[in-house]
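Have a look at the structure below before the remarks.
Values quoted throughout were computed directly from the atomic coordinates according to the rules given, and no laboratory measurement underlies them. The model shown is predicted, which means the values in this text are computed figures rather than measured ones. Here the Cβ is made from the backbone with ideal geometry for all residues, glycine too, and neighbour counts use every protein chain on show.
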């Protein structure tokens, strides 16, 4: 099965949709995968974005997480990026905000996961009257490009219009209990 056959979104599924990053940056492979789904390049947008991504994966590297105060610093960065995303979505007819972080090991990683889940649910409740959806995605440190593009594409599309306040986890098939690749 080729990568394009494995994609759950058809080419052109995101035609006319704009995805913008307020923290971190998409890799060239992720940018190409999203463009293959029809998403507009971030710099070409003159209209409000459909999805704003705050990519905090670099802040949550396993070697950096267990330092004292690191989880608090990452949560502060997540809130700052979320507010910047809300500012981009305010005045639009709605849109989505995706907080993305790497799944981190140990007790600090668990505290970070709980903090991001709580922040996601709180912001989803607070910003619902403005038609802003907020979700959180935990990924492996180096996620596969196409599944990540598919999930981001789904969250940018109309099918996710009612999905908000959810912590999502992108897990490789081999790491799922009872499943093989």
Rg to Rh quotient for the range 14-171, alpha carbon positions, Kirkwood Rh: 0.95
Efficiency of FRET between residue 118 and residue 15 - r from beta-carbon atoms, R0 45 angstrom, step 0.05: 0.80
Estimated distance in nm for a label pair at residue 27 and residue 161, the labels positioned 7 Å out from Cα along Cα-to-Cβ: 3.4 nm
Linear extension gain, residue 80 paired with residue 126, 0.36 nm per residue minus alpha-carbon span: 15.0 nm
